[in-house]
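Visitor: If you scroll down you'll find the structure; I have some questions about it.
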Amino acid sequence: MLNCFGNLWFVKKNNELKSNNSTRNCYVEDQLNTNLSSITICNSGDNKKLLEERLKRYEDEAGQTSSTSTLIDRVTYLRKNRENDVSKTIIDIEDSMNVDLCFVLDCTTSMISHIEAAKEHILEVANYINSHNSNIKFWIGFCGYRDYCEKGRLQIFDFNNSLEKFKTYIKTKVVASGGGDEPEDVLGGLNAAITQMTWSNTTRVLIHIGDAPPHGRRYYTFGYDYYPEGDPTGLTAESVLEEMQSKNILYHFGKINNTTNLMLEVFRKIIGEFPVFDLKTTGKNPEILVNKFCKATCSAIFSSVTLTTTLRNSKNIYTLQRKKLQINPYEPNWYTLPKKTGELLCYVTPKTLAEVKDEYYFINSNFTVQNITFKLAPEPFSVGAERYAYFALETNFLLSNKLVIKKYHDVKTGTIERYLESVEISSVAYFLSTEFNKAAKQVGVNKKVTFIDVKVLYDKTDNAYYSVEKYFSNSVFKRFNVNSGLITEFHSILEAFAHFTYEYTKGYLVVYDLQGVDLHNEFLLTDPAIHCVDLLRFGITNLGKSGIQRCILANHKCNDICKKLNLKKIKLE
């Protein structure tokens, strides 16, 4: 019996059976009797057809089709177009590092501690961002609101790059006062921030913090309201939030209590899912609240820059936010789901730098194929810019294995090429991580960088392809850095690993966009991106030599791990 996601793997190639303790080669022997007849070795199909599919996809992504017919001419034409597209993308990425950051605060009496935290946290945010992402520049603004019966119902401090001026304004001009009935002028405050402030930068972040809903019974079910029919000036959530969308402003909410729950439900129906931060006060320690403000603000900036650089326009961003409403974060009742049959396809991992650099290594490689039975959740539990993720259960063995199956948004049924490319990226990253771990161990760095084994799954029942990997339960999934060069959670080992991949491959590529689980003795990672000087490898997230130089290396600061490994100081070209 064969287990596809264990520790000891067996690879059969060229009529030889070889054992390997790597977690990246092919299939593990279960403690029960092994039936090797279920593993077959296949060439990856018609190599010319696979190459043709890849070129056709790249042409579709570029929106350009060459009028030439020869393979060499098509590759040359595509390469030139990819270079032009990458140049534009790099400019967009650099623009996205300029951020408008607006705080919209309820300024009634109950919000005294939160107003103080808004003032105190901003310098800490700036210091943290500058320490690892000095390419991010942000302008900060403020819009305070109270209620219709209050003097100074709205207060606006337009965007300014002086953090001291922001602190001074909050300290001297913003006074917590008023608050008659339960609701406040939430829609008026949001509308003023959206329409009366000078939004000018590419990435636009609005952090709304309040402890009460807007006027109108559609937003709450408790307390007294002077305006139960809604905003007396005629503002609606639809009109305000749609205007916000039209200006490419990304909404975040700081939640203080549960009175805003129904309001958030209404907002989600209009703009889709959005980040909600826990800003509840605990005890009398103001430092706790300031720390929460810092984490929320940094998270809002990083997630907004990531969305802006990855999806590039507000239409795509809000489409993704609406898709997030469709996810189901819970495992299904497996007993009620039908069993499906399929095949697992696994490449042999490259073993040398020459194989990594060989652009045809994976197209010409053989892979192993093994039969599998599994169950698939009907709804995704997560969605990203490119793929949905589903819970799955392998049912081949006495002890079932939990899996994660990933499906591209826009891939036609029965098309394998893009999934093979995702395995290629993962395989190259795995090879480089093993080389890094060996080098790191020699200098006393024992925490490993490991990439989760990824395979292609062919679903015979539905004639569909997916990528599949092991599921890790009870673990917090994090994104540590981003394809654009943004560092969302700094770890010296991971940044040194990226530097190592550049030096080890002699400037050929960098592995980045690192995300996964931070365990005690290793980082367990998945879905990396690769910037490579060959723009016709590793998909649309490959930003080539320009991406290596201007996104990754320009933001890299050599740390203690880099120095222990004797990595050369980076010189930008």
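The values are calculated or read from the model by the stated rules, or taken from the named source; none is laboratory data. Here the structure is a predicted model, which is why all the values come from computation and not from measurement. Reconstructed Cβ throughout: ideal geometry from the backbone, glycine too, with neighbour counts over all protein chains shown. Calculation scope for accessible area: heavy atoms of the full protein, side chains included, ligands and nucleic acids excluded. Shrake-Rupley method; radii C 1.70, N 1.55, O 1.52, S 1.80 Å.
Visitor: For residue 198, all conditions in the list (1) under 30 Å from residue 308 (Cβ atoms); (2) assigned to a loop (DSSP other than H, G, I, E, B); (3) in contact with a helix residue (DSSP H, G or I) (Cβ under 8 Å, 6 or more places away or on another chain); (4) of a type in the set (Val, Ile, Thr) hold save one; what is the number of the exception?
Guide: It fails just one condition, (3).
Visitor: For the stretch 176-188, how many residues are in contact (Cβ under 8 Å) with a residue 60 or more places away in the chain, buried (at least 23 other Cβ atoms within 10 Å of the Cβ) and more than 17 Å from residue 251 (Cβ to Cβ)?
Guide: Residues meeting the conditions: 1.
Visitor: Can I ask one more? Only residues that are of a type in the set (Lys, Arg), open to solvent by less than 30 Å² (accessible area, probe 1.4 Å) and at pLDDT below 90: list them for the stretch 404-440, please.
Guide: Residue satisfying the conditions is 418 alone.
Visitor: Residues in the stretch 505-531 that are open to solvent by 20 Å² or more (accessible area, probe 1.4 Å), assigned to a loop (DSSP other than H, G, I, E, B) and of a type in the set (Asp, Glu): how many?
Guide: Qualifying residue count, the stretch 505-531: 1.
Visitor: Among the residues of the stretch 274-309, write down those that are of a type in the set (Asp, Glu) and out of contact with any strand residue (DSSP E or B) (no Cβ under 9 Å at 6 or more places or on another chain).
Guide: 287
Visitor: Same structure again: Can you name every one of the strands (runs of 3 or more DSSP E) wholly within the stretch 392-492 that holds 1 or more residues which are under 17 Å from the mean Cα position of the chain (by Cα) and basic (Lys, Arg)?
Guide: Ranges flagged: 401-408, 477-479.
Visitor: Of all residues being at pLDDT 90 or above and open to solvent by 50 Å² or more (accessible area, probe 1.4 Å) in the stretch 132-152, which is farthest from residue 286 (Cα to Cα)? Just the residue, please.
Guide: 135
Visitor: How many residues does the stretch 348-361 hold that are buried (at least 16 other Cβ atoms within 10 Å of the Cβ) and either within 26 Å of the chain's Cα centre (by Cα) or among the aliphatic types (A, V, I, L, M) (or both)? I'd like the intermediate steps shown before the answer.
Guide: Step one: of the stretch 348-361, the residues buried (at least 16 other Cβ atoms within 10 Å of the Cβ) are 348-350, 355-357, 361.
Still in the running and either within 26 Å of the chain's Cα centre (by Cα) or among the aliphatic types (A, V, I, L, M) (or both): 348-349, 356.
Summing the residues that are buried (at least 16 other Cβ atoms within 10 Å of the Cβ) and either within 26 Å of the chain's Cα centre (by Cα) or among the aliphatic types (A, V, I, L, M) (or both) in the stretch 348-361 gives 3.
Visitor: Kindly indicate the residue of the stretch 70-90 that is of a type in the set (A, V, I, L, M, F, W, C) and surrounded by 14 or more Cβ atoms within 10 Å (Cβ to Cβ) and also modelled with the lowest pLDDT among those meeting that condition. First the steps, then the outcome.
Guide: Taking the stretch 70-90 and keeping what is of a type in the set (A, V, I, L, M, F, W, C), we get 71-72, 75, 78, 86, 90.
Still in the list and also surrounded by 14 or more Cβ atoms within 10 Å (Cβ to Cβ): 75, 78, 86, 90.
Numbers: 75: 79, 78: 82, 86: 89, 90: 92.
Filtering the stretch 70-90 for residues that are of a type in the set (A, V, I, L, M, F, W, C) and surrounded by 14 or more Cβ atoms within 10 Å (Cβ to Cβ), the one modelled with the lowest pLDDT comes out as 75.
Visitor: Residues in the stretch 296-306: is at least one touching a helix residue (DSSP H, G or I) at 6+ places or on another chain (Cβ under 7 Å) and open to solvent by 70 Å² or more (accessible area, probe 1.4 Å)?
Guide: The answer is no, given that none of the residues of the stretch 296-306 is touching a helix residue (DSSP H, G or I) at 6+ places or on another chain (Cβ under 7 Å) and open to solvent by 70 Å² or more (accessible area, probe 1.4 Å).
Visitor: Which ones in the stretch 189-217 are under 19 Å from residue 257 (Cα atoms) and open to solvent by 30 Å² or more (accessible area, probe 1.4 Å)?
Guide: Result: 217, single match.
Visitor: Within the stretch 221-250, track down each residue that is open to solvent by 40 Å² or more (accessible area, probe 1.4 Å) and either in contact with a His (Cβ under 7 Å, 6 or more places away or on another chain) or part of a helix (DSSP H, G or I) (or both).
Guide: Matches in the stretch 221-250: 227, 238, 239, 242, 243, 246.
Visitor: Given the condition touching a Phe, Trp or Tyr at 6+ places or on another chain (Cβ under 7 Å), of a type in the set (Gly, Ala, Ser) and at pLDDT 90 or above, answer yes or no: does some residue in the stretch 240-252 qualify?
Guide: no
Visitor: In the stretch 251-299, which residues are in contact (Cβ under 8 Å) with a residue 60 or more places away in the chain and part of a loop (DSSP other than H, G, I, E, B)?
Guide: 256, 279, 281
Visitor: Over 20 Å from residue 446 (Cα atoms), of a type in the set (Lys, Arg) and open to solvent by less than 10 Å² (accessible area, probe 1.4 Å), is that true of residue 537?
Guide: Judged against the criteria, residue 537 is a match.
Visitor: Could you check how many residues of the stretch 372-401 are of a type in the set (Val, Ile, Thr), open to solvent by 30 Å² or more (accessible area, probe 1.4 Å) and in contact with a helix residue (DSSP H, G or I) (Cβ under 7 Å, 6 or more places away or on another chain)?
Guide: Counting residues in the stretch 372-401 that are of a type in the set (Val, Ile, Thr), open to solvent by 30 Å² or more (accessible area, probe 1.4 Å) and in contact with a helix residue (DSSP H, G or I) (Cβ under 7 Å, 6 or more places away or on another chain) gives 0.
Visitor: Any chance you could count how many residues in the stretch 427-467 are among the small types (Gly, Ala, Ser) and under 15 Å from residue 363 (Cα atoms)? Steps first, please.
Guide: From the stretch 427-467, those among the small types (Gly, Ala, Ser) are 427, 429, 433, 439-440, 444, 464, 467; that's our starting set.
Filter again for under 15 Å from residue 363 (Cα atoms), leaving 427.
Residues meeting the conditions: 1.
Visitor: Another question about this same structure. Of the residues 498, 554, only one is within 26 Å of residue 92 (Cα to Cα), more than 18 Å from the chain's Cα centre (by Cα) and outside any strand (DSSP E or B); which?
Guide: 554
Visitor: Just name the residue that is farthest from residue 160 (Cα to Cα) out of those in the stretch 91-118 that are surrounded by 20 or more Cβ atoms within 10 Å (Cβ to Cβ) and charged (D, E, K, R).
Guide: The extreme case among them is 106.
Visitor: Which condition does residue 157 not pass, out of (1) surrounded by 18 or more Cβ atoms within 10 Å (Cβ to Cβ); (2) in contact (Cβ under 8 Å) with a residue 40 or more places away in the chain; (3) more than 25 Å from residue 217 (Cα to Cα); (4) of a type in the set (A, V, I, L, M, F, W, C), if it passes all the others?
Guide: (2)
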